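Accompanying notes for the structure given below.
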Amino acid sequence: MRDVFRTAGRWPVPPTTKPACRDAEPGLFHPDRPGGPLPPDKVTAAKAVCRRCPVLSDCLTLAVRFRETEGIWGGTTPKERRWLRVQADRMHTLGPLLQRLRTGEAPVHVDPLDRPAVVHRLIAGGWDVNRIAATLAVSPAAVRTAHRRGVLVASYAEALKRAGSPRAA
Ligand code: SF4
């Protein structure tokens, strides 16, 4: 079993918690050597385990809280966590743009970096994919891709909040 909740003394993990990796080979979630790259086949296999994990968001929060720079945590690689941190930080600056979109004023430009968070917020606000695609002048497929990423960004931002450090990790 991976010692995923080794910090349980500092984290309120219910005793009934059963992470999906409890029976997995611990090495699956870590590079072959400290500081080394994560082999792609390990990433694929580890993420498949994480996808069915009932405590994925807790695990991601732990990674944020303790600034895990190695290994797969909460279904994310270190590179993805760095990307999510940038995205989550940028979310704080999107208020004026979202306001312009909601009031029907066409945006001058939506930076592709901001698209996942923008799409996530618009869908949460009841917009459908085609309306967003028309407004942002992108394809519906691009909107769906952005939404998938936006869900991850929102989950990471939530993890930051739960970790009690808005600029942590
Ligand atoms: S999200 Fe992945 S690494 Fe974290 S507890 Fe679940 S299975 Fe283990």
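Only the coordinates and a few stated rules stand behind these numbers; no lab work does. All figures in this text were calculated on a predicted structure; none of them were measured in a lab. A quick note on method: Cβ atoms are made from the backbone with ideal geometry, for glycine too, and the neighbour counts reach across all protein chains shown.
Worth a mention:
- Ranking of His147, His92 by count of other Cβ atoms within 10 Å, fewest first: His92, His147
- Sites Arg82 and Arg144 - FRET efficiency at Förster radius 25 Å, r taken between beta-carbons, to 0.05: 0.55
- With R₀ fixed at 35 Å, the C-beta to C-beta distance from Glu25 to Lys161 puts the FRET efficiency at about 0.60.
- Fewest-first ranking of Lys161, Lys18, using other Cβ atoms within 10 Å as the exposure measure: Lys18, Lys161
- Cα-Cα separations in segment 52-115 greater than 20 Å, expressed as whole percent: 44 percent
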